[in-house]
Every structure is written in C-alpha cells, then in structure tokens.
1. Evaluate region B:122-130: report whether one residue or more is touching a strand residue (DSSP E or B) at 6+ places or on another chain (Cβ under 6 Å), farther than 24 Å from B:L31 by Cβ and not hydroxyl-bearing (S, T, Y).
2. Listed residues B:V102, B:V50; which is under 26 Å from A:G67 (Cβ atoms), away from every other protein chain (no Cβ under 11 Å), of a type outside the set (D, E, K, R) and open to solvent by less than 70 Å² (accessible area, probe 1.4 Å)?
3. Out of (1) without any contact (Cβ under 8 Å) to a residue 40 or more places away in the chain; (2) assigned to a helix (DSSP H, G or I), the odd one out for B:A74 is which?
4. Report the residue count in region B:94-139 for those that are farther than 23 Å from A:K82 by Cα and part of a loop (DSSP other than H, G, I, E, B).
5. I'm trying to understand the selection: among the residues of region B:32-47, which are open to solvent by 40 Å² or more (accessible area, probe 1.4 Å), more than 7 Å from chain A (Cβ to nearest Cβ) and either at pLDDT 95 or above or under 10 Å from the mean Cα position of the chain (by Cα) (or both)?
6. Which members of region B:1-57 meet the condition of being assigned to a helix (DSSP H, G or I) and among the polar types (S, T, N, Q)?
7. Just one of B:F6, B:F63 is of a type in the set (F, W, Y), closer than 21 Å to A:P86 by Cα and surrounded by 13 or more Cβ atoms within 10 Å (Cβ to Cβ); which is it?
8. With in contact (Cβ under 8 Å) with a residue 60 or more places away in the chain and of a type in the set (F, W, Y) as the only criterion, which of B:F108, B:F63, B:F117, B:F121 stands out?
Amino acid sequence: MTNANHARRWHRGGVSRLPAFLSRRNIVSDIVQGALAGGVLAFITFQVIAHAYVTKVNGWTTMFGCGEPGNGTLLRAACANKFPGPINVPKEGKFILWLRVYLPSTTILDGKYKVPPVMQTG
Amino acid sequence: MRHKHFITFGSVMVVAWVAGTFLFIYFWPHLVINHFKRAIVDQGFGDGPVPINTLYTEPQALFADPLNTSLPPASSKLMSVGVNHDTLLTVGWLDLSKGPQVLHVPDFTGRYYSVQFTDPFDVDFAYVGTRTTGTKADD
C-alpha cells in the first residue's frame, strides 16, 4: 500500500476514520491499555508454560517432580498452578497424585478409565 | 507521528507481557501457599483461627464426613473439599523468625504417618514420619 493510499484509508477530507475511543487516545490511555493487554498475555503465557509440564495418561493428569527441593522455578510454578496446595512428594506418599475432570453428564465408573495408571514412584 | 500511540501501547504491552510472565512464574506458588496461610491463621476449620506456631487436628466429624459436615460460615473449606477421606489431617503455620520450635511426635506403634514441612514457595523441604524417621516417639 502506498503512502497516499494509506493516508486515504485512514483520513477522508481531513476527518479521522478511526473510532472515537482510538482517536482520543493519549499517553496515559496507551500505557494503561498496554499494561492491561500485557498482563493478560502474561497470564495466558503462564498457563501455556504450566500446561507444558503436565503428563496425561488415559485421561488422567499428573505432573512429576512437584514439591521436590531443587525442582526449579518453572516446575514449581507449574505445580502450584495445576495442583494448588502443598501436595506431598511421590516417594513420601508412595503414590502419584492423578487428577481427572469429569463432566456432570459422564459417569466416573466408566469401566475404561475408572482407575489411574499404576506407576513406580522410585 | 501517526503511529506514536501504537508504539507506546506496543512497547508497554511487551514490557508488561515479559515482566508479568516472570512475576507469575515466580510468585504464583507463593500466592497459593498464602491462600493456605489465610485459611489456617485467619479462618480456621470450624473452631476459629489457628494461632501461629500451633498445630490443629481436624474434628472427628470433619474427618468422618468431610463433604457433608457443616462448618461455621467464616471457616475455610480446605479441609472439607478435595481431601483424602482416609487421612486424618493436622495443620499449622510456623513462624520461626523469633526462634526455633520443637516438634514432638508420639509413638505411632508402626502406623503410617507423615509430617510435611512446606516453605512459602511450595517446596516440601523436610519430612518427619514413617519413611524418614520411623514411628517411635521423638523430638
């Protein structure tokens, strides 16, 4: 698009075609809206990162290494996001915490996935 | 400067995006544990707030039927929703800034138990219990 066409696209007869709330922007609204948009994107990015640590088997969800000292800032945040609360380490409980979300219309004892997979915790 | 506003908006957004992501990653565990701190220290589990450096064991009724036991309105639901039905819970918030505390455990006569110490960033840094220290009485 040439500069002339671009100018014609946004201005016609010297009158801005931008919506009113955009044409009345000032530096404060730019900063506030940028911060809000950045915050939302940061939250979404955090959810994506946390989800990357999830292990899913047969519809059951877990995450390895939660609560372990030295497990790293990222994994710690992911665990706190997906498994809120001070859950114990697998070798202490001799089990791995598995979660499964059921819709109200489904039955928990569906025969196929009624128990989570058995795994050696070490 | 037709794009001045978009440059300002975009710059602030990128900075907030990057900084916010780091803040979420670093402080999210702390926020979650702080929720538990408020539940223990401010709300309690039916008998009022649990003082700092005090251990509180859930009442028998709550242990027997955590989902259907009615608690006072100001109480926390953390002991009644999403907990194991076969685990008797004892909780407490320790503040060791004014000095150490001594934990005494009775003789569990071989029964399984586990005392988990979790720091404010959701790391289980120590355990006392059957696996680590045995079931004899000790301090």
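1. yes
2. Details: B:V102 fails: open to solvent by less than 70 Å² (accessible area, probe 1.4 Å).
Going through B:V102, B:V50 in turn, the sole match is B:V50.
3. Result: B:A74 passes all but (2).
4. Selection size over region B:94-139: 25.
5. Going through region B:32-47, the residues open to solvent by 40 Å² or more (accessible area, probe 1.4 Å) turn out to be B:34-38, B:42-43, B:47.
Right, trim to more than 7 Å from chain A (Cβ to nearest Cβ) and you get B:34-35, B:37-38, B:42-43, B:47.
Listed by number, the residues that qualify are B:N34, B:H35, B:K37, B:R38.
6. Residues of region B:1-57 that are assigned to a helix (DSSP H, G or I), as a first pass: B:4-43.
Correct list: B:T8, B:S11, B:T21, B:N34, B:Q43.
7. Working: B:F6 fails: closer than 21 Å to A:P86 by Cα.
Just a single option satisfies the conditions, and that option is B:F63.
8. On the way: B:F108 fails: in contact (Cβ under 8 Å) with a residue 60 or more places away in the chain; B:F63 fails: in contact (Cβ under 8 Å) with a residue 60 or more places away in the chain; B:F117 fails: in contact (Cβ under 8 Å) with a residue 60 or more places away in the chain.
Step by step, each of B:F108, B:F63, B:F117, B:F121 is checked, and only B:F121 is in contact (Cβ under 8 Å) with a residue 60 or more places away in the chain and of a type in the set (F, W, Y).
The values are calculated or read from the model by the stated rules, or taken from the named source; none is laboratory data. All figures in this text were calculated on a predicted structure; none of them were measured in a lab. Positions of Cβ are backbone-derived with ideal geometry, glycine not excepted, and every protein chain shown enters the neighbour counts. SASA here: full protein model, heavy atoms, side chains in, ligands and nucleic acids out. Shrake-Rupley method; radii C 1.70, N 1.55, O 1.52, S 1.80 Å.
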